[in-house]
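The values are calculated or read from the model by the stated rules, or taken from the named source; none is laboratory data. Everything numeric here is computed off the predicted structure, so don't read it as measured data. Using ideal geometry, Cβ is built from the backbone for each residue, glycine included, and neighbour counts are taken over all protein chains shown.
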Amino acid sequence: MKNSKLNYLNLLNNIQKEATTYLDGPCLIVAGAGSGKTKVLTSRVVHIINEKKAWASQILCVTFTNKAAREMQNRIGLSLDKNINSLPWLGTFHSISAKFLRRHAKAVGLNSNFTIIDKDDQSRLIKNICKAENIDVKKLSPKFILSYIDKWKNKGLLPQDVIVAKNLPLERAVLNVYKFYQERLKILNTCDFGDLILLCVVLFENNQDILNLYSKNFKYILVDEYQDTNFIQSKWLNLLTKVNNNICCVGDDDQSIYSWRGAEIKNFLTFDKLYKNSKIFKLEQNYRSTQNILSTASGLISNNNGRLGKKLWTAGQSGELVKLNCYKTGRDEATNVSDIIENKIKKKYSLNNVSILVRAIFQTREFEERFLKIGMGYRVVGGTKFYDRAEVKDSIAYLRIVYQKNDDLAFERIINVPRRSIGDTTVKLLHDWARQNKKTLEDAAFELIEQNKIKAKAKVSLLNILNLFKKWREDLKNKKHFELMEIILDESGYSKMLKDKKDFENEGRLENLKELIRAMQDFDNLQGFLEHVTLATSIDEDWNGEKINLMTIHASKGLEFDVVFLPGWEEGLFPHQKSLEEKGDKALEEERRLAYVGITRAKKEAYISFSMGRVYRGEWLESLPSRFIDELPKANIEQNNQESITKEDFDFNQDFEYEDGIESPGWKRLQRKLKNYE
DNA sequence: TAACAACGCTTTTTT
DNA sequence: AGCGTTGTTA
């Protein structure tokens, strides 16, 4: 044990060691990209426990993604005694909040088995409200309403707290919907993402005893990615810090990229105002990237104003120059990137350590098409999530309604899937009654059947499915949750529906459901599983196999790769037009930080590229290189002559199919493969 | 109620 | 261009 104790401190540089061992009182660690912030955070936890300053259960550790949480959990587990291998209070803001709320649900008007709803459900609920209130969704779109609600929640405002100026009728209308929305959520015993955090704050503010319980318990609070917290999260933290005043926040102002989600960099920049006598540490030695990569990133970010300011340096090698390539079309870009990977990268690095980082997720498509064509393995991190697939969502909706009978959104989703002749008219009937009586759809169903208000055919099937719900709820008591899933899929006729419709896709759908049942076995109970489903991030998906990674730059935060490709550096795409239109200069700086995050993901090699035009929304658009390209320091960049790229394209005969002109290794391999099939 | 056509919106980023 | 929603017809 002595050994491990020495070990974790010896692995740190001086400033990291200071930051790790400074335990008492608030502190802010400004940690540049690749400066070992996760290492410091985990070492801190280990140090607190080793020094017997607190038990594992007295440490609250908040991260932004489940992946980050898991990684920390692993690292901490490795460095501690066998008998303490996990922190019960390590997780994302959302997962920890859910834990608080389940324990004290009654205090905020919920039942402890509340369900958490996602964007889809939110949207459906808003649509229902609009329908009932005769609001024209074309004039006031659910998306618009939701963005407002989100914004208000991030600022800690429930409907009664929102003040709208008289001359803003639109906002008043939205507020009106917000009121109904919150009311409905309560009746359905559900919360949305925003509620998880906001309701915790409400809980703590209205129940000093509960707040005291926790703020006394948490002797140490650690927060990762602090630059991306929003107002309500910062308040959440502040409340919990009340008794012990030991909060340690880690972050990097240059990596603040979530302002559109309500993140307030102000939290980070004014940390010392909120927490008096706080200590600030700056980690500036970078252990990740070569000097050239680092200088490129630094040069770029130096164009931003209002930075806290830090100078990243490395003791490592200067490495290769950062490559800057120009292509004629988006397709050329994809082709050439795949060729570079084939010719050079693949020989030196594992594909898992190669990543293509894009501004917007649709950009991955061009690359996917290329990789499919040449048979190169890839994974899209953050594309459609497994749990977003229709059949998976349907199955989960069954579980939800069984678990929690108030979940109207689940009820509505599956009541006529598979078809049971419970059509729109019947559902509307249920809706109207439920709304008038402030009850749920299931209550409405029972009541209206009683009153004989439902047509014979629908009535029979409705009774039938309601009985099944009842039976499954019984099953839940004495069967495993994944066994229940099989029973439901069988008895509801869902499996049969998929099997009967014999098209090619349904095979895959059945496979997905098998996978779903398998995935459920990783969880102890239904509640744990359902919570995972909604709070899981897209980044949580498979990391097995030798594959190139494709993802947005946002999704890449906190990750690192040997080689990074950054395509699509064109005005309008990066920096993105929409963001500039909405927020102007502020947005430009955030876009620049995004570029900075992208470059600093690279350990050994970085390739930046742009194309002179690409197909956008079905039509060809000429484009200009991104202004960020001009901001890259020339000394660290190798700019490739675009002539050599374009010439090749002019050479091949236009009569051929486009791809016939390509003689890349990947293309040749594909040809070989096709031959082998013949 | 299912099949099909017409329309219109999309693509910024996500816990 | 491609998808999902809405409207029309049998």
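Can you spot a residue in the stretch A:318-331 that is out of contact with any strand residue (DSSP E or B) (no Cβ under 9 Å at 6 or more places or on another chain) and under 16 Å from A:A602 (Cα atoms)?
Narrowing the stretch A:318-331 to residues out of contact with any strand residue (DSSP E or B) (no Cβ under 9 Å at 6 or more places or on another chain): A:318.
If we keep only those that are under 16 Å from A:A602 (Cα atoms) too, we end up with A:318.
Checked against the condition, which is being out of contact with any strand residue (DSSP E or B) (no Cβ under 9 Å at 6 or more places or on another chain) and under 16 Å from A:A602 (Cα atoms), the stretch A:318-331 yields at least one hit.
From A:N267, A:N343, A:N325, A:N336, grab the single residue that is crowded, with 16+ Cβ neighbours inside 10 Å, part of a helix (DSSP H, G or I) and in contact (Cβ under 8 Å) with a residue 60 or more places away in the chain. Write out each step before concluding.
Details: A:N267 fails: in contact (Cβ under 8 Å) with a residue 60 or more places away in the chain; A:N343 fails: crowded, with 16+ Cβ neighbours inside 10 Å; A:N325 fails: part of a helix (DSSP H, G or I).
So the residue among A:N267, A:N343, A:N325, A:N336 that is crowded, with 16+ Cβ neighbours inside 10 Å, part of a helix (DSSP H, G or I) and in contact (Cβ under 8 Å) with a residue 60 or more places away in the chain is A:N336.
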Taking the stretch A:471-509 and keeping only residues that are without any contact (Cβ under 8 Å) to a residue 60 or more places away in the chain and aliphatic (A, V, I, L, M), one is left with A:I487
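Please pick out the residue among A:K153, A:K143 that is of a type in the set (D, E, K, R), within 16 Å of DNA strand C (Cβ to nearest atom) and in contact (Cβ under 8 Å) with a residue 12 or more places away in the chain. If you could, list the steps in order and put the result at the bottom.
Numbers: A:K153 fails: within 16 Å of DNA strand C (Cβ to nearest atom).
From the options A:K153, A:K143, the qualifying one is A:K143.
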Step by step: first the residues of the stretch A:91-131, then only those that are within 14 Å of DNA strand C (Cβ to nearest atom) and within 16 Å of the chain's Cα centre (by Cα), then the one that is farthest from A:L203 (Cα to Cα). Which residue is that? A:D120
Condition (residue is under 30 Å from A:K634 (Cβ atoms), modelled with pLDDT of 95 or more and assigned to a strand (DSSP E or B)) applied to the stretch A:290-299: is it met by at least one residue? no
Considering the stretch A:66-88 alone, what residues qualify as being assigned to a loop (DSSP other than H, G, I, E, B) and crowded, with 19+ Cβ neighbours inside 10 Å? A:L80, A:L87
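Could you tell me which of the residues A:S97, A:S86 is of a type in the set (S, T, N, Q) and either without any contact (Cβ under 8 Å) to a residue 60 or more places away in the chain or in contact with a Pro (Cβ under 6 Å, 6 or more places away or on another chain) (or both)? Even if it seems obvious, please write down each step before you answer.
Numbers: A:S97 fails: either without any contact (Cβ under 8 Å) to a residue 60 or more places away in the chain or in contact with a Pro (Cβ under 6 Å, 6 or more places away or on another chain) (or both).
Of A:S97, A:S86, the one residue that is of a type in the set (S, T, N, Q) and either without any contact (Cβ under 8 Å) to a residue 60 or more places away in the chain or in contact with a Pro (Cβ under 6 Å, 6 or more places away or on another chain) (or both) is A:S86.
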Restricting attention to the stretch A:602-643, the residues that are within 16 Å of DNA strand B (Cβ to nearest atom) and under 27 Å from the mean Cα position of the chain (by Cα) number exactly 4
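Scan the stretch A:1-22 for residues that are part of a loop (DSSP other than H, G, I, E, B) and modelled with pLDDT of 95 or more and jot them down. Please lay out each step first, then the result.
Pass one, the stretch A:1-22, residues part of a loop (DSSP other than H, G, I, E, B): A:1, A:11-13, A:22.
Correct list: A:Y22 only.
Each row is one residue, and each column tells you yes or no for (1) in contact with a His (Cβ under 6 Å, 6 or more places away or on another chain); (2) surrounded by fewer than 22 Cβ atoms within 10 Å (Cβ to Cβ); (3) part of a helix (DSSP H, G or I); (4) not β-branched (V, I, T).
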residue	(1), (2), (3), (4)
A:Y178	no, no, yes, yes
A:I197	no, no, yes, no
A:C200	no, no, yes, yes
A:Y214	no, yes, yes, yes
A:C249	no, no, no, yes
Given the criterion farther than 26 Å from A:N286 by Cα and either out of contact with any Lys or Arg (no Cβ under 9 Å at 6 or more places or on another chain) or buried (at least 18 other Cβ atoms within 10 Å of the Cβ) (or both), identify the matching residue among A:A315, A:A360. A:A360
Residue pairs, Cβ under 6 Å, 6 or more apart or interchain, first in the stretch A:608-619 and within 23 Å of A:I637 (Cα to Cα) and touching a residue at least 12 places away in the same chain (Cβ under 8 Å), second within 15 Å of DNA strand B (Cβ to nearest atom) and of a type in the set (S, T, N, Q). List them. A:G613/A:S623
Give me the strands (runs of 3 or more DSSP E) completely within the stretch A:527-637, filtered to those with at least 3 residues that are more than 16 Å from DNA strand C (Cβ to nearest atom), more than 30 Å from A:G377 (Cα to Cα) and in contact with a His (Cβ under 7 Å, 6 or more places away or on another chain), ordered by residue number. none
Any hit, the stretch A:415-425, residues being without any contact (Cβ under 8 Å) to a residue 40 or more places away in the chain and either in contact with a Gly (Cβ under 6 Å, 6 or more places away or on another chain) or closer than 23 Å to A:L110 by Cβ (or both): no
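Can you name the residue in the stretch A:309-322 that is over 31 Å from the mean Cα position of the chain (by Cα) and in contact (Cβ under 8 Å) with a residue 40 or more places away in the chain and is also nearest to A:S611 (Cα to Cα) among such residues? Please lay out each step first, then the result.
Step one: list which residues in the stretch A:309-322 are over 31 Å from the mean Cα position of the chain (by Cα), which gives A:315-321.
Filter once more, keeping what is in contact (Cβ under 8 Å) with a residue 40 or more places away in the chain: A:319-321.
Numbers: A:G319: 26, A:E320: 23, A:L321: 20 Å.
Filtering first and then ranking leaves A:L321.
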What about A:I265, is it farther than 25 Å from A:A98 by Cβ, within 28 Å of the chain's Cα centre (by Cα) and within 16 Å of DNA strand B (Cβ to nearest atom)? yes
Give the stretch A:391-433 a look and list any residue that's crowded, with 23+ Cβ neighbours inside 10 Å, over 14 Å from A:L466 (Cβ atoms) and hydroxyl-bearing (S, T, Y), or say none. A:S395
